[in-house]
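Asker: Sharing a structure, written as structure tokens. Questions coming.
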Amino acid sequence: MRSQPCIAIFLLVFASIISAKNAIASAPAWVDLRESLESQRYTPTLLVARLNYWLSTPPDDVSIEELSESWVWLLNTYIQIGQRDEALVKAEQALKSLASAPPRFRVEVIQIKGVLLQRQGNYAGEQQWLTQQIEAQPESANLVRGQLTLSLAQSYAVSEQRSKAITTVDNALAIIREMQPDEENTEGWHEFTFNAKIYAASVLFLQGRFQEAYDTMLEAQEKLKAEDLITGLTLRSNIALVLIRLDRAEEALEVLQQLEVDVRRAKWGYGLFFVQFRRMMALHQLQRYQDANYSVDIALREISEIDEARFRYPFFMLAALIRAHNRNFSEANRLQELSEQDYDEFKALSREANQLIALGYKAELAKVRGQTQQALELYAKWANDLRKFNAIQQRESIATLSAQMDNAINKTRADLLTKQNILQERRLAEQRQLNELRSRQIKMQYALLLVLIVSLTLLTYFLWRLQQLAQKDSLTGVLNRRQIIRTGNHLVKKHRRSDTSLALMVVDVDHFKSINDNFGHPTGDHILRMLTKRIRQQLRRGDMFGRIGGEEFLILLPGCSKKNAKGASQRLLNAISGQPFQTDNGEIAVTVSMGLTLCQPDDSFESLYQRGDELLYQAKQAGRNRVEIDS
């Protein structure tokens with residue numbers, strides 16, 4: 001029964017490889033291939049096929065930097081589609097291909113192989129691999145040794161080898177302090193020192209060295225460049241986490257208040273979720289459950305942006321607790337059920353910590369619901385596991401967690417004593433012993449939860465760096481101005497080489513300013529989103545659609561004759577003007593004007609676009625809601 005899907009997958013991959021080989025008559029220059037890949041017109045499987053084909057026969061003039069970048073791109077794509085075993089094989093091939101390259105061009109491949117071993121649960125293999133690579137580096141390669149030492153420290157921390165992690169991160173910080181900006185002539189030295197501070201802060205946090213982690217984050221913030229918007233927002237979010245762990249929840253709320261304003265201004269839904277998540281933690285720590293309920297509402301609207309169990313599970317558990325404290329038990333039950341769907345994957349990240357988090361939350365939920373017997377049993381199991389965990393931790397810092405919990409534990413004790421007044425003296429004596437441990441419960445939960453969240457958040461730093469390269473318009477989801485112009489230049493060059501037809505349409509919404517003035521900018525934004533949706537429905541798979549700015553859009557129709565382009569433009573007019581747009585202010589009729597032109601042999605993209613823009617102007621002058629076509 002399983003052979004049929006396996007055959008289907010094999011045929012799909014085989015067809016993708018054949019398509020990629022047919023599409024490349026000879027290996028293009030890396031810059032041309034990268035432009036093609038960044039156009040996002042390929043599925044990950046076809047992208048893998050194109051990269052494998054290119055790496056098998058690279059151009060003679062390919063540079064080491066280009067070769068290294070192509071290998072990293074291939075490995076990350078394999079990881080994206082879940083083919084980790086194949087990624088390990090390709091990592092070995094990449095290292096052989098880059099054997100003669102300077103160390104800085106091999107370091108990212110080395111780190112990716114380590115990450116793959118870690119995701120297999122093979123921490124010992126990852127640590128042995130990284131140690132060998134560190135020892136193999138020349139003394140002058142401080143930059144590479146520093147990067148690999150930080151990776152090794154992170155591996156020790158995640159696998160709970162805490163003493164080794166502390167020693168290793170101190171070694172990495174020492175390497176950073178010894179480095180000079182001109183070492184190895186590395187242009188990215190300042191960027192690396194910033195990344196190193198972020199990585200070091202993550203490991204320090206894992207070790208419970210929270211003040212050092214906070215100081216390191218502040219140092220990293222000083223090195224942050226103004227244009228690194230998302231990185232800056234992420235760093236401030238993690239600073240708020242450290243403040244919560246340092247019992248400075250009020251300060252954390254001040255940081256999060258300004259951070260929320262900046263995140264909303266950046267229209268970063270992913271970041272808004274984490275701002276609200278951290279606000280829930282701070283408010284729960286301060287026992288301001290009604291205020292926390294508001295953050296739960298906002299975060300639930302953004303949870304669709306989050307598809308990783310390592311974030312979803314703790315969020316749903318904390319949200320369930322807050323709902324329960326606000327006496328909304330049906331919603332608390334629903335949220336707890338959602339959290340359990342992600343628990344197995346979440347548990348795999350750190351067994352002891354996750355067991356304590358799960359037991360602590362379940363015990364608190366049982367207490368809030370009035371399920372006294374179940375709460376006592378869960379607290380007893382939690383206390384036993386906590387003793388084991390404390391023996392492993394061997395840190396006195398856990399004792400400082402008790403002060404914040406005194407009032408909450410006293411209330412819990414009173415509730416339990418009231419409901420258990422028929423228990424025997426032996427049971428009450430056991431309860432007093434549990435109360436001594438329960439005084440550490442909530443802070444211990446936050447310690448474990450924050451350690452996990454901040455480490456995983458910081459480890460995804462490089463993924464956020466890649467997200468900055470996204471080419472989509474944040475409002476409408478179509479290509480932004482930079483990407484559509486870049487695509488237009490590419491298609492015009494292709495038109496010259498292959499003599500294929502290429503049509504361009506410039507589209508502008510009629511009287512859009514009056515819509516904003518009469519109904520407000522939110523309504524105008526809604527209309528632009530619905531407008532792009534209608535246009536997309538009328539375009540072919542290979543057509544390119546982007547937003548130039550404001551209410552002006554650009555459509556590129558490769559391989560489209562004048563007759564077909566004219567028909568397509570008329571369909572767009574009818575689709576937009578044929579039915580009013582539904583808004584909160586009622587139905588609003590919208591029309592557009594368009595300029596349509598075909599690419600000529602001597603055209604550049606600039607001349608083609610200028611001609612389309614002039615035709616758009618003629619359409620406006622002729623009464624709008626029409627298309628003007630180049631004669």
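The values are calculated or read from the model by the stated rules, or taken from the named source; none is laboratory data. Quick caveat: nothing in here was measured; it's all calculated off a predicted structure. Positions of Cβ are backbone-derived with ideal geometry, glycine not excepted, and every protein chain shown enters the neighbour counts. Please note that ligands, DNA and RNA were not included when accessible areas were found on the heavy atoms of the full protein model with its side chains. Shrake-Rupley method; radii C 1.70, N 1.55, O 1.52, S 1.80 Å.
Asker: Scan region 312-335 residue by residue and report those that are of a type outside the set (G, A, S) and under 24 Å from V454 (Cβ atoms).
Answerer: Going residue by residue through region 312-335, those that are of a type outside the set (G, A, S) are 312-318, 321-323, 325-329, 331, 333-335.
Selection gives R312, Y313, P314, F315, F316, M317, L318, L321, I322, L335.
Asker: From D228, D247, grab the single residue that is modelled with pLDDT under 85 and surrounded by 15 or more Cβ atoms within 10 Å (Cβ to Cβ). Step through it out loud before you land on a result.
Answerer: Working: D247 fails: modelled with pLDDT under 85.
None of the other options fit; the residue is D228.
Asker: Okay, moving on. So, A332, is that one within 28 Å of the chain's Cα centre (by Cα), at pLDDT 80 or above and among the small types (G, A, S) or not? If you could, list the steps in order and put the result at the bottom.
Answerer: Numbers: within 28 Å of the chain's Cα centre (by Cα): yes; at pLDDT 80 or above: yes; among the small types (G, A, S): yes.
Yes; evaluated as a whole, the condition is true for this residue.
Asker: Which number in (1) in contact (Cβ under 8 Å) with a residue 60 or more places away in the chain; (2) open to solvent by 60 Å² or more (accessible area, probe 1.4 Å); (3) under 18 Å from D510 (Cβ atoms); (4) out of contact with any Asp or Glu (no Cβ under 8 Å at 6 or more places or on another chain) marks the one condition that L554 misses?
Answerer: (2)
Asker: Quick check: is even one residue across region 578-585 open to solvent by less than 40 Å² (accessible area, probe 1.4 Å), of a type in the set (V, I, T) and closer than 17 Å to L491 by Cα?
Answerer: The first filter runs over region 578-585 and keeps only residues open to solvent by less than 40 Å² (accessible area, probe 1.4 Å), leaving 581, 583.
Within this subset, residues satisfying the condition of being of a type in the set (V, I, T) are 583.
From what is left, the residues that are closer than 17 Å to L491 by Cα are none.
The answer is no, given that none of the residues of region 578-585 is open to solvent by less than 40 Å² (accessible area, probe 1.4 Å), of a type in the set (V, I, T) and closer than 17 Å to L491 by Cα.
Asker: Quick one: what pairs do we get from region 292-312, first residue within 16 Å of R264 (Cα to Cα), second of a type outside the set (G, A, S) and open to solvent by 20 Å² or more (accessible area, probe 1.4 Å), C-beta under 8 Å, 6+ apart or different chains?
Answerer: That search, which allows pairs on different chains as well, returns S295/R279; E302/Y270; I303/R312; E305/Y270.
Asker: Just name the residue that is farthest from Q120 (Cα to Cα) out of those in region 158-171 that are of a type in the set (A, V, I, L, M, F, W, C) and open to solvent by 10 Å² or more (accessible area, probe 1.4 Å).
Answerer: From region 158-171, those of a type in the set (A, V, I, L, M, F, W, C) are 158, 165-166, 169; that's our starting set.
Add one more test, that the residue is open to solvent by 10 Å² or more (accessible area, probe 1.4 Å), and what stays is 158, 166.
Working: V158: 13, I166: 24 Å.
Checking each candidate, the answer is I166.
Asker: Then there's this: Does at least one position in region 23-38 carry a residue that is among the aromatic types (F, W, Y), open to solvent by 30 Å² or more (accessible area, probe 1.4 Å) and modelled with pLDDT under 80? Outline the logic, then answer.
Answerer: Going through region 23-38, the residues among the aromatic types (F, W, Y) turn out to be 30.
Narrowing further to those that are open to solvent by 30 Å² or more (accessible area, probe 1.4 Å): none.
Scanning region 23-38 turns up no residue that is among the aromatic types (F, W, Y), open to solvent by 30 Å² or more (accessible area, probe 1.4 Å) and modelled with pLDDT under 80.
Asker: Suppose we filter Q618, Q570, Q537, Q600 for residues that are open to solvent by 30 Å² or more (accessible area, probe 1.4 Å) and either part of a strand (DSSP E or B) or over 17 Å from L504 (Cβ atoms) (or both); which single one remains?
Answerer: Numbers: Q618 fails: either part of a strand (DSSP E or B) or over 17 Å from L504 (Cβ atoms) (or both); Q570 fails: either part of a strand (DSSP E or B) or over 17 Å from L504 (Cβ atoms) (or both); Q600 fails: either part of a strand (DSSP E or B) or over 17 Å from L504 (Cβ atoms) (or both).
It is Q537.
Asker: Also: Give the residue that is least open to solvent (accessible area, probe 1.4 Å), with candidates limited to residues of region 476-495 that are without any contact (Cβ under 8 Å) to a residue 60 or more places away in the chain and in a helix (DSSP H, G or I).
Answerer: As a first pass, look at region 476-495 and keep what is without any contact (Cβ under 8 Å) to a residue 60 or more places away in the chain: 477, 482, 493.
Those left that are additionally in a helix (DSSP H, G or I): 482, 493.
Details: R482: 143, K493: 117 Å².
Ranking the qualifying residues of region 476-495, first place goes to K493.
Asker: Could you run through region 125-139 and say how many residues are open to solvent by 70 Å² or more (accessible area, probe 1.4 Å) and closer than 24 Å to D85 by Cα?
Answerer: Qualifying residue count, region 125-139: 2.
Asker: Let me ask you something else. Which members of region 95-108 meet the condition of being modelled with pLDDT under 85 and of a type in the set (D, E, K, R)?
Answerer: Passing the criteria: R104, R106, E108.
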